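Enquirer: Can you keep this structure in mind? I'll have questions shortly.
The values are calculated or read from the model by the stated rules, or taken from the named source; none is laboratory data. Given the structure is predicted, the values throughout are model-derived calculations rather than measurements. Here the Cβ is made from the backbone with ideal geometry for all residues, glycine too, and neighbour counts use every protein chain on show. With ligands, DNA and RNA removed, areas are computed over all heavy atoms of the protein, side chains included. Shrake-Rupley method; radii C 1.70, N 1.55, O 1.52, S 1.80 Å.
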Amino acid sequence: MNIVIIGATSGVGKTLFEKYANENNRIGIIGRRAHLLDELYQKYPSKTIPTKADITNLEEIEQAINALHKEMEYIDLAIVCSGTGDINATLDYSIERPAIDTNIVGCTFVIDMLYHILEQQGHGHLVAITSAGGLRGEAMAPAYSATKAYQINYVEALRKKAFKNGEHIIVTDIRPGLVDTAMAKGEGLFWVMPVEKVARQIISAIRKKKSKAYVTRRWHILAIINKNLPFFLYKRL
């Protein structure tokens, strides 16, 4: 397969890249840290096309995706892993702004661009890594939970668009719970999952062409409880 991974230099994106690189795939990877991209390229030089770009720089990310598309000619699978968020109990806007710029502005631009490419070629699979944290507003991380809720709804809208237009495009929403990466912040974290296990379950969901999947699967149980919990109880958590 020809695969593009946005946000491949760390965390879930890096682990997905390494798993796909151990199979017979050609992978275009985009990240903002050149030295990490180079490390991945050196590890799998015959399978990797590295391109440096920051998802919040729309001109730069557009050029990067266009360059990969031109070199690869077609894309079978595109995975958008870029995301950020931080604890912000004091509502410091300087902490909220990067989540908005990355999770909403940058991700919308990238997802739209990749969808158009798949639409033009008539087929393909678009995957967005959202979050189980987007199901409810979280007092300790308002922008993160809100921007992930935006992503969940945006990806669902594209899935509906593909269906209504009869397009051969699969759109998958992957909703991780807490994963053992730099993104897992705070005290007393619950059900933190190993990134290797999370990546395996993401790949399984992609192969099964699921419309959405919680990873790891036990997070689906918590998501159902969390989503349906009355606010008078939820606000006490």
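Enquirer: Amide H neighbours of residue 172 under 5 Å, counting only residues 5+ apart in sequence or on other chains, H built in-plane at 1.01 Å?
Expert: Amide H neighbours of residue 172: 126, 127, 128.
Enquirer: While we're looking at this one, here's another question. Residues with amide H under 5 Å of residue 4's amide H, sequence separation 5 or more or different chain, H placed in the peptide plane at 1.01 Å from N; which?
Expert: 28, 77, 78, 79
Enquirer: Just the number please: accessible area per residue for region 108-223, 1.4 Å probe, all protein chains included, in Å².
Expert: Working: 5630 Å² over 116 residues.
Ligands and nucleic acids excluded, the figure is 49 Å² per residue.
Enquirer: Can you compute 3J(HN,Hα) from phi for each residue in region 127-140, using the Karplus curve 6.51 cos²θ - 1.76 cosθ + 1.60 with θ = phi - 60°, rounded to whole Hz and x for Gly and Pro?
Expert: 10, 10, 8, 9, 5, 5, x, x, 7, 9, x, 10, 4, 7
Enquirer: Of 220, 204, 146, which is farthest along the charge dipole of the chain in the positive direction, counting Lys and Arg as +1 and Asp and Glu as -1 at C-beta?
Expert: The Cα lying farthest towards the positive end belongs to 220.
Enquirer: Then there is this: Let's see if you can work this out: charge +1 on each Lys and Arg Cβ, -1 on each Asp and Glu Cβ, no other charges. What is the dipole magnitude of region 79-237 about its Cα centre, in debye to the nearest 20?
Expert: Details: 21 positive and 13 negative charges, 174 e Å.
Dipole of region 79-237, to the nearest 20 debye: 840 debye.
Enquirer: Would you mind pulling out the separation of the Cα centroids of region 106-139 and region 1-33, in Å?
Expert: Result: 16 Å between the Cα centres.
Enquirer: If you don't mind, there's one more thing I want to ask. Report in % the part of the accessible area of the chain that belongs to carbon and sulfur, leaving out ligands and nucleic acids; probe 1.4 Å. Don't jump to the answer; show the numbers that get you there.
Expert: Details: 6430 of 11990 Å².
Solvent-exposed carbon and sulfur of the chain make up 54 percent of the total.
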